[in-house]
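Undergrad: Would you mind keeping the following structure in view while I ask a few things?
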Amino acid sequence: MKTVLITGAAGDVGSHLRRELAGRYKLRLSDLKPVKDLGAGEEFVPADISEIGQVAALMPGVDAIVHLGGFSVEGMWDAILQANIVGCYNVFEAARMYGVKRILFATSNHAVGFYRRDQTIDHRVYPRPDSRYGVSKVFGEALGSLYADKYGMEVFNMRIGNVNPRPIDKRRLSIWISPRDLAQLVTIGIEHPDIRFEVVYGVSGNQRSWYDNSNAKRLGYKPQDDSEGQAKEVLAAEKEGADPLSELYQGGTFVVIEK
Ligand code: 15L
């Protein structure tokens, strides 16, 4: 059985993945915060990813890394710099040093959040980050490209929408991914024999999607869920008077200038 390292394992996405991947892999779970209620096949190793020595200690015996760790929303530059720029570099560099070839990077819809909602974008579009957070995700994608080309690493970038048991608002109807669809995509990222450098969208098969996810489909992704079944209920609960810029762009409130 493969050993998979999950960074940022104490967060929401990590918790969903642990549940979905249980029994399929040995999971080495890492985070700054403790990961609770360890199950069979799970171990917890704490680490601050901004410290290369701590990241290196996670690597021995690992077959693939799911890098979720870091700051997961817009934040102050120093926090983004340490967690998402330095932290991401440390994960790639430690993986290279220890010969861990396969990295699944949790990039984000916010790497392309300045595309308009009336556009359909695929995995080949030029990045248009909507925030410092989005820029840090573009950095991670670029770092993956470098490590794939220069060191032969196998890098699977998932531009994740919003992971939730249910879509939570109008914007998320277009970018929602259910935990079981995310687990399917992650399994493809771990198992597919021909990954070199790929970008896919981490979204369910939503009818309202803004993405042409043909690259994920080419690699075998067949999402089981679609937000449409919950659209009526979600739209009925949507508040009036949304900010016009947020409504125009895919990144929603992340595009708005901070006061
Ligand atoms: C993300 O990238 C964040 O990690 C998550 O917390 C949500 O804000 C999500 O995007 C979203 O756009 O809904």
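The values are calculated or read from the model by the stated rules, or taken from the named source; none is laboratory data. These figures come from a predicted structure and were not determined experimentally. FYI the Cβ positions are ideal-geometry reconstructions off the backbone, even for glycines, and counts take in every protein chain you see. Please note that ligands, DNA and RNA were not included when accessible areas were found on the heavy atoms of the full protein model with its side chains. Shrake-Rupley method; radii C 1.70, N 1.55, O 1.52, S 1.80 Å.
Undergrad: If you stretched the chain out fully between residue 180 and residue 248, how much longer would it get, using 0.36 nm times the residue separation minus the C-alpha to C-alpha distance?
TA: Working it through step by step, the gained length comes to 21.5 nm.
Undergrad: Another question, if that's okay. Of 249, 221, 235, which is farthest on the positive side of the dipole of the range 217-259, counting Cα position, with +1 on Lys and Arg Cβ, -1 on Asp and Glu Cβ, and the Cα centre as origin?
TA: Checked the options; the winner is 221.
Undergrad: How large is the Kirkwood hydrodynamic radius of the chain, counting all unique pairs of alpha carbons, in Å?
TA: About 18.4 Å, per the Kirkwood formula over Cα pairs.
Undergrad: Please determine, in degrees from 0 to 90 and to the nearest 10, the orientation of helix 132-151 with respect to the longest principal axis defined by the Cα atoms of the chain, where the helix direction is its Cα long axis.
TA: 40
Undergrad: In the range 112-259, what percentage of the DSSP-assigned beta bridges are antiparallel, given to the nearest 5?
TA: The antiparallel fraction comes to roughly 10 percent.
Undergrad: Local charge sum around residue 144 (other residues, Cβ-Cβ under 15 Å, Lys/Arg +1, Asp/Glu -1)?
TA: Net of charged neighbours comes to +2.
Undergrad: So if I place +1 on the C-beta of Lys and Arg and -1 on the C-beta of Asp and Glu, and nothing else carries charge, what would the dipole magnitude of the range 139-259 be about its Cα centre? I want it in debye, nearest 20.
TA: Its charge dipole is roughly 80 debye.
Undergrad: Let me ask something else about it. Which value, in Å³ per residue, describes the convex hull spanned by the Cα atoms of the range 54-179?
TA: Hull volume over Cα atoms, normalised by residue count, gives 114 Å³.
Undergrad: For every helix of n ≥ 4 consecutive DSSP H residues, a contribution of -39,500 (n - 2.57) applies; sum these over the chain, divide by its total residues, and give [θ] at 222 nm rounded to the nearest 500 deg cm²/dmol.
TA: Helix-only estimate at 222 nm: -9000 deg cm²/dmol.
Undergrad: Can you tally the net charge around residue 212? Count Lys and Arg as +1, Asp and Glu as -1, for every other residue whose Cβ sits under 10 Å from the Cβ of residue 212.
TA: Net of charged neighbours comes to +1.
Undergrad: What whole-number distance in Å separates the alpha-carbon centres of the range 157-191 and the range 52-126?
TA: 16
Undergrad: Then there is this: With N residues in the range 156-256, what two-decimal value do you get for its Cα radius of gyration over 2.2 N^0.38 Å?
TA: After normalising by residue count via 2.2 N^0.38 Å, the value is 1.14.
Undergrad: Right, another one. Charges only on Cβ, +1 for Lys and Arg, -1 for Asp and Glu: so what's the dipole of the chain about the Cα centre, in debye to the nearest 20?
TA: 400
Undergrad: Computing the accessible area with a 1.4 Å probe over protein heavy atoms, can you report the carbon and sulfur percentage for the chain?
TA: Exposed carbon and sulfur together represent 53 percent of the surface.
Undergrad: Could you please report the charge total around residue 8, scoring K, R as +1 and D, E as -1 over all other residues with beta-carbon less than 13 angstrom from its beta-carbon?
TA: Here the count lands on 0.
Undergrad: Next up: Stretch residue 97-residue 77 to full length: gain in nm at 0.36 nm per residue minus the Cα-Cα span?
TA: 4.4 nm
Undergrad: Across 10 Å bins from the origin, how do the percents of Cα pairs in the range 136-180 run, short distances first?
TA: It works out to 27, 31, 27, 14, 1, in whole percents.
Undergrad: Using protein chains only and a probe of 1.4 angstrom, how many square angstrom of residue 26 are accessible, to the nearest 10?
TA: 100
Undergrad: Normalised by the number of residues in the range 85-146, what is the relative contact order in percent for Cα pairs under 8 Å and 6+ residues apart?
TA: 41
Undergrad: Using the Cα centre as the reference, give the magnitude of the dipole from point charges on the C-beta atoms of the range 31-133 (Lys, Arg: +1; Asp, Glu: -1; all else neutral), rounded to the nearest 20 debye.
TA: 420
Undergrad: Roughly how tilted is helix 179-191, in degrees to the nearest 10 and between 0 and 90, from the longest Cα axis of the chain?
TA: Rounded to the nearest ten degrees, it is 40.
Undergrad: Run down the lysines and flag those whose C-alpha is under 29 Å from the C-alpha of residue 137, throwing out any fewer than 8 positions away in its chain.
TA: Reachable lysines: 2, 26, 33, 36, 101, 150, 170, 217, 222, 259.
Undergrad: Only bridges whose two residues both fall in the chain count here: according to DSSP, what percent of them are antiparallel, nearest 5?
TA: That works out to approximately 5 percent antiparallel.
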